[in-house]
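Chemist: Shown below is the structure under consideration.
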Amino acid sequence: MTKRQRGLDSYDHGSRLPTFTHQPLTNLETYVDTNLAPCRSDIKPPRGKLPSLDIIFTSQVKMLKSLAASLALASVSFAAEIVFDWSIGWVSAAPDGVSRQLDAPGSYWYHSHNGGQYPDGLRGPLIVHDPEDPYAGQYDEEVLLTTSDWYHSQVPDLITQLLSTSNTKFLPPIPDAILLNDTNQGKFHFTPGKTYKIRFIGMAAFASTFFNLQGHTMTVIEVDGTYVEKQETDFIRVAPAQRYTVLVTALPTAEKNYAFIAALDVNRDFAHDPTPVFPLNITGYIIYDESQAYPLPYTVDQFLPVEDLSLASLETPALLPPPTRPIQLDFTFGFDAQGIPRTFFNNITYVEQKVPSLFTAFSTGTDNDNPTIYGTVNPFVAHRGDIVQIVINNGDAGIHPFHLHGHQFQIVAKGESNSGPFNGDGSNFPANPVRRDTVAVNANSYAVLRFSADNPGVWLFHCHIEWHVIMGLMATIIEIPEELRGLAIPADHQAVCDVQSIPTAGNAAGNTNNFLDMTGANITPKVPDQGATFQSGCATTKTCEKRATRRSQRNRISQRVPVGHNEYAETF
């Protein structure tokens, strides 16, 4: 029987190294580790402590039933959009409750994009097992290994530093620790001769991580929920929001134990001087025999990770036709009118509007295909059947991970570092490109992505360095707006907006008579507030009391939502 293990050391250096738990993957399950003593008491994971709760479904059918009963609870408990890396109707801003891409199994994660909450712990792995796994029978056990960065300061304080006029070099906060499975060290047990399916999930807010398993070869079989043809590699690079699944066959004997390394990618975008406590890497352990000595840390001279363009989809979907809806996004840094550092697509920084874009699409009739009415959210409209091609030109000297909600796109081109913007040449596009939902675009380079417009909704496209999201590096895809017209807002979502005095009809400015009248629309980005539960630094007692009242109202709303056979009552 296939088993799963999640091994970890403690985040508190003084705690003991726990043993492993193995669980058969036969029913809907959530796996919870509890012996963690974090150095902060204000963390915000669903259970109120790290490691975050794992959510595991044995099939997409069970996931559909469980999420259908619990989506509303997930959305209101934090008054934030819990954005999964695949289309979940209202959670990821699609109109139809549960959208078509729920039938895709694979490795995912749940997280909040509201006010930088997920770097404070509001995230965790979400696994959907596949009863038709093409690699079934080729492995004996599963291992889950999440990678994330961690900050000793609360995110609201870090946002204040980030969005400061004194931050003239656009520097993001540097993490204080790199975590494996929400701890500062990881290990897992190997039995000689067995093959292990290891799921790497990138949950970092900032740092990409290289992985190398000493003395063992990895065979990549899945990326971002997409099966790929087998490809051997010694290294993978997991950017924020990316996922890799690999097969690793244990050595034939248990003569000694081995190490594995998780090393931070320290290109120019991920380090600056001075960095006296910047953690460059951590060492984990592959244990064959506990009676044998643990291996010493080791070094790697050069990381050579597997490249996207070397991977091929197992399903051979074939290269999509030439685009009918081209979109070019040129990424740069700059300052807004107040001198605050921002990020820009096409010289426009994302500005949150009074009316959520999805509700504008619902309530503006035939005008909902006019990008103007959505305000400064970098809107792009695509109609059913369009072949959308997004060209990302990264003008920065660092690698950036870009993520699209609602789709797995084809990566049809990707430039080497310092190759400059895309020149339009598609003669070397692969016949069977890999599909992902997150692409790491090299420094001073580009990537070209394609997808078919077949999933109605309002989808964000953004850098998945969360600090750059906060700085405004987002665009909005208004997909098939003609099928969004007149759709109703669920009562629980309406209630959440009412609690926060958020209008739910009209254009971006909330105008319901003349949708082309943008008077009152937000045109200047605001500094995000201190978050839903942050109390330190409240300007007045009244402000703190107002936040507490909102939390109480949210809790009352969430208590009215039915919960099916799942752990969402505990999770969210």
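Chemist: Can you pull out every residue in region 321-345 that is within 25 Å of the chain's Cα centre (by Cα) and among the hydrophobic types (A, V, I, L, M, F, W, C)?
Modeler: Passing the criteria: I327, L329, F331, F333, F344, F345.
Chemist: Here is a further query. Kindly indicate the residue of region 141-163 that is part of a strand (DSSP E or B) and of a type in the set (D, E, K, R) and also modelled with the lowest pLDDT among those meeting that condition.
Modeler: Checking each candidate, the answer is D149.
Chemist: Please tell me if V228 is assigned to a strand (DSSP E or B), closer than 27 Å to L460 by Cβ and either over 21 Å from the mean Cα position of the chain (by Cα) or among the hydrophobic types (A, V, I, L, M, F, W, C) (or both).
Modeler: Considered against the rule, which asks whether it is assigned to a strand (DSSP E or B), closer than 27 Å to L460 by Cβ and either over 21 Å from the mean Cα position of the chain (by Cα) or among the hydrophobic types (A, V, I, L, M, F, W, C) (or both), V228 comes out as yes.
Chemist: G385 fails exactly one of the following numbered conditions: (1) farther than 18 Å from L449 by Cα; (2) at pLDDT 95 or above; (3) surrounded by fewer than 19 Cβ atoms within 10 Å (Cβ to Cβ). What is the number of that condition?
Modeler: Status for G385: all satisfied but (1).
Chemist: For region 477-496, state whether one or more residues are modelled with pLDDT of 95 or more and within 22 Å of N347 (Cβ to Cβ).
Modeler: Among the residues of region 477-496, at least one is modelled with pLDDT of 95 or more and within 22 Å of N347 (Cβ to Cβ), which makes the answer yes.
Chemist: Also, quick follow-up: Does W467 fit the bill of being within 23 Å of H400 (Cβ to Cβ), of a type in the set (A, V, I, L, M, F, W, C), crowded, with 20+ Cβ neighbours inside 10 Å and touching a His at 6+ places or on another chain (Cβ under 8 Å)?
Modeler: No: the conditions fail for W467.
Chemist: Please determine, by comparing only the residues of region 231-258 that are without any contact (Cβ under 8 Å) to a residue 60 or more places away in the chain and outside any strand (DSSP E or B), which one is nearest to the chain's Cα centre (by Cα).
Modeler: Going through the qualifying residues, I end up with N257.
Chemist: Identify all residues within region 207-218 that are farther than 18 Å from R436 by Cβ, among the polar types (S, T, N, Q) and part of a strand (DSSP E or B); write none if there are none.
Modeler: N212
Chemist: Ok, one more. Does region 245-268 contain any residue that is among the aromatic types (F, W, Y), modelled with pLDDT under 90 and surrounded by fewer than 20 Cβ atoms within 10 Å (Cβ to Cβ)?
Modeler: No, every residue in region 245-268 fails to be among the aromatic types (F, W, Y), modelled with pLDDT under 90 and surrounded by fewer than 20 Cβ atoms within 10 Å (Cβ to Cβ).
Chemist: Looking for whichever is basic (K, R), over 27 Å from P119 (Cα atoms) and either out of contact with any Gly (no Cβ under 8 Å at 6 or more places or on another chain) or free of Cβ contacts under 8 Å to residues at least 12 places away in the same chain (or both) here; the options are R450, R435, R485. Which one fits?
Modeler: Every option except R450 fails the conditions.
The values are calculated or read from the model by the stated rules, or taken from the named source; none is laboratory data. Note that the structure is predicted; figures quoted are calculated from it, not measured. A quick note on method: Cβ atoms are made from the backbone with ideal geometry, for glycine too, and the neighbour counts reach across all protein chains shown.
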